[in-house]
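The values are calculated or read from the model by the stated rules, or taken from the named source; none is laboratory data. All values derive from a computational prediction rather than experimental measurement. Here the Cβ is made from the backbone with ideal geometry for all residues, glycine too, and neighbour counts use every protein chain on show. Side chains included, ligands, DNA and RNA excluded: accessible areas come from the protein's heavy atoms. Shrake-Rupley method; radii C 1.70, N 1.55, O 1.52, S 1.80 Å.
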Amino acid sequence: MPRDSNAESLHVWIPTNRYYDNGNPAGMDGLNEIIDSNRRDKNMGARIEKENVEWCAWHIRQAMAHAGWKPLTKDTACECIVYMRIVEANRRRDVSNVYAGTAKYVLDACTARHALGVGAIYDDSVRWLSTFVQKIAVDPREPDIDLTIIRYYGR
């Protein structure tokens, strides 16, 4: 993480909200699950997206409150960098499937311009999100998401 007096960072831990039928924890829904739910029923896809975004937003909101972060507005918007480490339960899913689904839910939860977003970043467009780095790991006991958001003011 670059050292800059005009920067501040926030670390967020988001545990999994999904479990396999046998009770073991599973990773967050990926792109295949998004497509499958939308093909089954138009309302199911929206319901699952809302559930995942709200799950992420709740954890991000808690971390923001603990760190004293205020939601960004149009007047306070600044450039941000997001580092996301996704921990999967196993190696079965394609990396692109995992990245696409998880990134969608996490960034929607972070942004101020999404109806369910908490304002940790102003928008997930190229204008406001200068860098987005994703890493993946495997831990069958505790799949989760480790998120670090860095705000750069005065640039």
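Let me know the Rg and Dmax you get for the chain when you use only its Cα atoms, in Å.
Expressed in Å, the Cα Rg and Dmax of the chain come to 15.6, 50.
Please give the helix 31-40 orientation as an angle from the longest Cα principal axis of the chain, in degrees from 0 to 90, rounded to the nearest 10.
60 degrees
At 1.4 Å probe size, put His66, His11, His59, His114 in order of accessible surface, largest to smallest.
His66, His11, His114, His59
If you line up the long axis of helix 95-110 against the longest principal axis of the chain, both from Cα atoms, how many degrees apart are they, to the nearest 10?
Value to nearest ten degrees: 50.
Roll a 1.4 angstrom probe over the protein heavy atoms and tell me the percent of accessible area of region 23-66 that is carbon or sulfur.
Within region 23-66, the accessible surface is 50 percent carbon and sulfur.
Angle between the Cα long axis of helix 42-67 and the longest principal axis of the chain, 0 to 90 degrees, nearest 10?
Relative to the chain, helix 42-67 is tipped by roughly 40 degrees.
Sort 29-36, 43-50 by packing, meaning the average of other beta carbons within 10 Å per residue, with the highest value first.
29-36, 43-50
Which whole-percent values make up P(r) of region 10-68 when all C-alpha to C-alpha distances are grouped in 5 Å steps starting at zero?
4, 17, 21, 21, 18, 11, 6, 2, 0
How do Asp21, Asp144, Asp41, Asp75 stack up against each other in accessible area, from largest to smallest, with a 1.4 angstrom probe?
Asp21, Asp75, Asp41, Asp144
What's the FRET efficiency of Asn24 with Thr148 using the Cβ-Cβ distance as r and R₀ = 22 Å, to the nearest 0.05?
0.20
What number of lysine-lysine pairs in region 5-155 show an alpha-carbon separation below 26 angstrom, given a sequence spacing of 8 or more or placement on distinct chains?
Lysine pair count for region 5-155: 9.
When the chain is modelled as a GNM with alpha-carbon springs shorter than 10 Å, which of Ile136, Ile121, Ile81 fluctuates the most?
The residue with the greatest mean-square fluctuation here is Ile136.
Of all accessible surface on region 84-148 at a 1.4 Å probe, what whole percent is carbon and sulfur?
So the carbon and sulfur contribution to the accessible surface is 48 percent.
If I model a spin label as a point 7 Å beyond the Cα along the Cα-Cβ vector, how far apart are those points for Ala100 and Phe132 in nm?
Here the modelled spin labels are 1.3 nm apart.
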